[in-house]
Structures are given as C-alpha cells and as structure tokens.
Amino acid sequence: MWLIKAEEETDPNYGKPPEARSMQELINTAVIILDKHAGPTSHQITKWVKEIFQVAKAGHAGTLDPAVTGVLPVALGNAVKAMPVLSGLDKEYVGVMHLHHDIDVETLRKVIAEKF
C-alpha cells in the first residue's frame, strides 16, 4: 500500500529521478553508510572507499577512533557538500554489557554518571 500526499514532477532543470541517472551520477552523489570495524581510522576507510569508487572527493561525517566500531557515513563527489549537515545531527550511542552478578539499577546509573 502506498500513501501519496501529492502527485508532483521534478523539474528537469533541477534534477531527475534516481532511476533516470547514470551510474556515474549515482556514484558522484552517493552517501554510503558503513559499519566500521575496529582497526583502521575513519580517514583510512574513507581513502579506501575513494579508491574503490575512483572519485576525486570523499569525506566522512564524524571520526571514529581506530579501536571503535560503528556507523561511518562516507560521501562521494558532490555529496561531500552535505556532510556538514550530517555531522551536525545528534548522535545516539548504544552499548551492550554483561554483568557477572545482579546489581541495583540506581547503583549502575550512578557509576555510569561518574565515569561518563
């Protein structure tokens, strides 16, 4: 089921539907969402992506330390211009931990607040 608010057309002077774009146009306006693994820097990952897609420019939104894993958006070509918008958005961090015994939730919150 589709919910259509309004039927609109794109002015060809200002763009075109994705399916009408060439592969080069798609690559030159792409933002790739990567799951960065531990080890390489965000800069190194971006360099690899740039080489793989053979583009003149590539940039990432935010920096993940080498030991950190997580989402790393990498923009290619003209999409690099949009990275300041992505970098300025709020981020949410999610973690998982295994405790070896039961602990009071308030005690846990207190320790976390002291450390972070």
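The values are calculated or read from the model by the stated rules, or taken from the named source; none is laboratory data. These numbers come from a predicted model, not from an experiment. Methodologically, a virtual Cβ is constructed for each residue, glycine included, from the backbone with ideal geometry; neighbour enumeration extends over all protein chains shown.
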Open item on the list: Which of the numbered conditions does Arg21 fail, given that it passes all the others? Conditions: (1) modelled with pLDDT under 90; (2) within 30 Å of Glu7 (Cβ to Cβ).
Closed with: (1)
Open item on the list: Testing Ala75 on (1) in a helix (DSSP H, G or I); (2) in contact with a Leu (Cβ under 9 Å, 6 or more places away or on another chain); (3) at pLDDT 90 or above, one condition comes back false. Which one is that?
Closed with: (1)
- [ ] Confirm whether Leu26 is of a type outside the set (D, E, K, R), at pLDDT 90 or above, exposed (fewer than 14 other Cβ atoms within 10 Å of the Cβ) and on the phi < 0 side of the Ramachandran plot.
- [x] yes
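If we scan region 92-114, do we find a residue that is in a helix (DSSP H, G or I), in contact (Cβ under 8 Å) with a residue 40 or more places away in the chain and among the polar types (S, T, N, Q)? So that I can check it myself, show each step before the final result.
Residues of region 92-114 in a helix (DSSP H, G or I): 105-114.
With the extra rule that they be in contact (Cβ under 8 Å) with a residue 40 or more places away in the chain, the set shrinks to none.
No, region 92-114 has no match at all.
At pLDDT 95 or above and either crowded, with 18+ Cβ neighbours inside 10 Å or part of a strand (DSSP E or B) (or both) - does that describe any residue in region 61-72?
At the first step, the residues of region 61-72 found to be at pLDDT 95 or above are none.
No: region 61-72 contains no residue that is at pLDDT 95 or above and either crowded, with 18+ Cβ neighbours inside 10 Å or part of a strand (DSSP E or B) (or both).
Of all residues being among the basic types (Lys, Arg) and surrounded by 10 or more Cβ atoms within 10 Å (Cβ to Cβ) in region 73-111, which is nearest to Asp35 (Cα to Cα)? Just the residue, please. It would help to see each step written out before you state the result.
Start the filter on region 73-111 by keeping residues that are among the basic types (Lys, Arg), which leaves 81, 91, 109-110.
Still in the list and also surrounded by 10 or more Cβ atoms within 10 Å (Cβ to Cβ): 81, 109-110.
On the way: Lys81: 22, Arg109: 28, Lys110: 31 Å.
Looking at residues that are among the basic types (Lys, Arg) and surrounded by 10 or more Cβ atoms within 10 Å (Cβ to Cβ), I get Lys81.
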Task: Single condition Met1 does not satisfy, out of (1) among the hydrophobic types (A, V, I, L, M, F, W, C); (2) in contact with a helix residue (DSSP H, G or I) (Cβ under 8 Å, 6 or more places away or on another chain); (3) in a loop (DSSP other than H, G, I, E, B) - done: (2)
TODO: Of the conditions (1) in contact (Cβ under 8 Å) with a residue 24 or more places away in the chain; (2) within 26 Å of Gly95 (Cα to Cα); (3) of a type outside the set (Lys, Arg); (4) part of a helix (DSSP H, G or I), Pro40 clears all except one; give me its number.
DONE: (4)
